[in-house]
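Have a look at the structure below before the remarks.
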Amino acid sequence: MADLTVNIGELKLQNPVLTASGTFGYGEEFADFVNLERIGGIIVKGTTIHKREGNPYPRMAETPSGMLNAVGLQNKGIEYFVREIYPRIARIHTNILVNVSGSTIEDYVQTAEIINEIVNIPAIELNISCPNVKQGGMAFGVHARSAEEVVAAVRKVYKKTLIVKLSPNVTDITEIACAAESAGADSVSLINTLLGMAIDAEKRRPILSTITGGLSGAAVKPVALRMVWQVARAVRIPVIGLGGIMNGRDAVEFLLAGATAVQIGTANFINPCVTVEAVDWINDYLERHNLTSVKQIIGALDVS
């Protein structure tokens, strides 16, 4: 096999394929379908300082080439994760990362402090697409200043690899990425879901209880690819690409655009084995092109 290892800060991945938060549970749910130890890393569902019930139903809707979700970060809180979930998933021999969400900077900081003390969690992914309740509900990640503030606050207390997940619902995503980098992020991951909506024409009502939700799946891939390419040229830290990756070919396209690693999300609902299939496809691609390392294709897009 070719050398598939990549580094995200001090985090070493056996291959560049990760699972996207919210699409793979805590990993154990997929154990009957796929060898979890072959995945470069598993990013567990969004975790908050306190328990969250999530949004009312319906909160998911199918769309052409994708899906909308408005789950609302339903989870039982970080203390429950530490007490009940972590002891089970700590036995999985791959990198386990926690996606951290919050409504205030203090929420993020407290959650990150707790995770910092967990031995077998080598990194967190900071979801800055959450509404800042102290600033009128605008997401932390839509302005460079607020993004920088929350990342800097977490960086002070979190000593391991810090990945910041960027929202695509902005005018210039490179500005937000550079702000995260300057505040101490070890990596940025992008894109989070695009804001969308679905309507039931017969009932003349929105399908989602929240009216709007996050669009993911194949439909968002061209936008995600463009943003990954832009950000990879704007920052010096590693970029993790996601958004519409449905197979190994898609993953390679993101690597060529400049991503050091990728996350696979919505595709897991369609094919629970897609992650390991993507790993094999990347290896076959390297062999077909007489390449010995995945690093040889990272950012190798020819735009001349």
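Here's the yes/no breakdown for (1) in contact with a Leu (Cβ under 6 Å, 6 or more places away or on another chain); (2) in contact (Cβ under 8 Å) with a residue 24 or more places away in the chain; (3) buried (at least 22 other Cβ atoms within 10 Å of the Cβ):
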position: ALA139; (1), (2), (3): no, yes, no
position: GLU149; (1), (2), (3): no, yes, no
position: LEU166; (1), (2), (3): yes, yes, yes
position: ASP186; (1), (2), (3): yes, yes, no
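Filter region 271-304 for residues that are surrounded by 12 or more Cβ atoms within 10 Å (Cβ to Cβ), without any contact (Cβ under 8 Å) to a residue 60 or more places away in the chain and of a type in the set (A, V, I, L, M, F, W, C) and give the result.
VAL274, TRP281, ILE297, ALA300
Going through region 222-258 one residue at a time, which ones are of a type outside the set (A, V, I, L, M, F, W, C), more than 14 Å from ILE298 (Cβ to Cβ) and out of contact with any helix residue (DSSP H, G or I) (no Cβ under 6 Å at 6 or more places or on another chain)?
Passing the criteria: PRO222, ARG226, ASN247, ARG249, ASP250.
Take the residues of region 1-25 that are within 14 Å of the chain's Cα centre (by Cα) and part of a loop (DSSP other than H, G, I, E, B): which is surrounded by the fewest Cβ atoms within 10 Å (Cβ to Cβ)? I'd like the intermediate steps shown before the answer.
Initial filter on region 1-25 (within 14 Å of the chain's Cα centre (by Cα)): 8, 16-25.
From what's left, part of a loop (DSSP other than H, G, I, E, B): 16, 20-25.
On the way: PRO16: 30, ALA20: 27, SER21: 26, GLY22: 24, THR23: 19, PHE24: 26, GLY25: 16.
Filtering first and then ranking leaves GLY25.
Test each condition in (1) in contact (Cβ under 8 Å) with a residue 60 or more places away in the chain; (2) in contact with a strand residue (DSSP E or B) (Cβ under 7 Å, 6 or more places away or on another chain); (3) surrounded by fewer than 19 Cβ atoms within 10 Å (Cβ to Cβ) for LEU215 and report the one that comes out false.
The failed condition is (3).
May I ask you to verify whether LEU36 is surrounded by 15 or more Cβ atoms within 10 Å (Cβ to Cβ), under 25 Å from VAL119 (Cβ atoms), of a type outside the set (S, T, N, Q) and in contact (Cβ under 8 Å) with a residue 40 or more places away in the chain?
Working: surrounded by 15 or more Cβ atoms within 10 Å (Cβ to Cβ): yes; under 25 Å from VAL119 (Cβ atoms): yes; of a type outside the set (S, T, N, Q): yes; in contact (Cβ under 8 Å) with a residue 40 or more places away in the chain: yes.
Yes.
Output the qualifying pairs, or none if there are none: Cβ atoms under 8 angstrom, residues six or more apart or on different chains, first residue in region 69-90 and more than 14 Å from GLY22 (Cα to Cα) and surrounded by fewer than 19 Cβ atoms within 10 Å (Cβ to Cβ), second residue modelled with pLDDT under 95 and of a type in the set (Gly, Ala, Ser).
So the pair list comes out empty.
The values are calculated or read from the model by the stated rules, or taken from the named source; none is laboratory data. Just so it is clear, the structure is predicted and the values come from calculations on it, not from any experiment. Cβ sites come from the backbone with ideal geometry, for glycine too, and all protein chains shown count toward neighbours.
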